[in-house]
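Below is one structure; the comments refer to it alone.
Just so it is clear, none of the values below were taken in a lab; they were calculated from the coordinates. Predicted model only: the values in this text are computed from it and were never measured. Cβ placement follows ideal geometry from the backbone for every residue including glycine, while neighbour counts extend to all protein chains displayed.
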Amino acid sequence: MLILAAYRMETPPLSEEELKEFWPRIEAAINAWLKRKAASDIASGAGSFKSETPGKNGSYERSIISSDSGSLYELFLDEPTAQGHIFKTNVAVVESEGKLSFYLTLSAMKSGEVIAPVALYPRCPTLIRDLLSLRNDWFFGESEIPQAKFISLNGEETAKNSFGLPSE
């Protein structure tokens, strides 16, 4: 299996009330992401969805575990590619010690029938952008994650000016 991308972010310490308010918002964002993938029966612990690869279906499994020390939400999503590979997205949300931590890994593997070099072109899951938009105080370790901003790059000159690169 080839790990293509890994994301981690966490909130600052939250009050009990903030935790109880924010956890459902994260679940709603994940459910909305599954709905955009046309997942069947997102209320269940497992299901399928029509893959972007014509004629293929993806699948997902979800579990939620709670204890006195916190809660864990896990989602495992598999989606086949046209080249016979499988994209795997693993999502975990952990509530512990007054913080919410979010993890997402995007990986790929060859299916059993394919023996070939892996040529994949992954994109950032929209779920990452959706979760970043829920709060403006996400952290990665000790560093605050800045809010994303839209940059319109219409042509080479605009791109150079947007990033402060010297013009020719």
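Mean sequence separation of contacting Cα pairs (under 8 Å, at least six apart), scaled by the length of the chain, corresponds to a relative contact order of 24 percent. Its residue count N sets the reference 2.2 N^0.38 Å, and the alpha-carbon radius of gyration of the range 7-47 equals 1.44 times that reference. Return the subset of LYS88/LYS160; LYS35/LYS88; LYS35/LYS160 for which the Cα-Cα distance in this structure is over 29 Å, preserving the input order. Beyond 29 Å between Cα atoms: LYS88/LYS160; LYS35/LYS160. Evaluating kT/(6 pi eta Rh) at 10 °C and 1.306 mPa s, with the Kirkwood radius of the chain over Cα pairs in the Stokes-Einstein relation, gives 88 µm² s⁻¹. Neighbour counts of other Cβ atoms within 10 Å put MET9, MET109 in the fewest-to-most order MET109, MET9.
3J(HN,Hα) along the range 97-105, derived from phi through the Karplus expression 6.51 cos²θ - 1.76 cosθ + 1.60 where θ = phi - 60°, amounts to 6, x, 10, 10, 10, 10, 10, 9, 10 Hz, with x in place of Gly and Pro.
Assuming charge only on the beta carbon of Lys and Arg (+1) and of Asp and Glu (-1), the dipole of the chain about its Cα centre is about 680 debye to the nearest 20.
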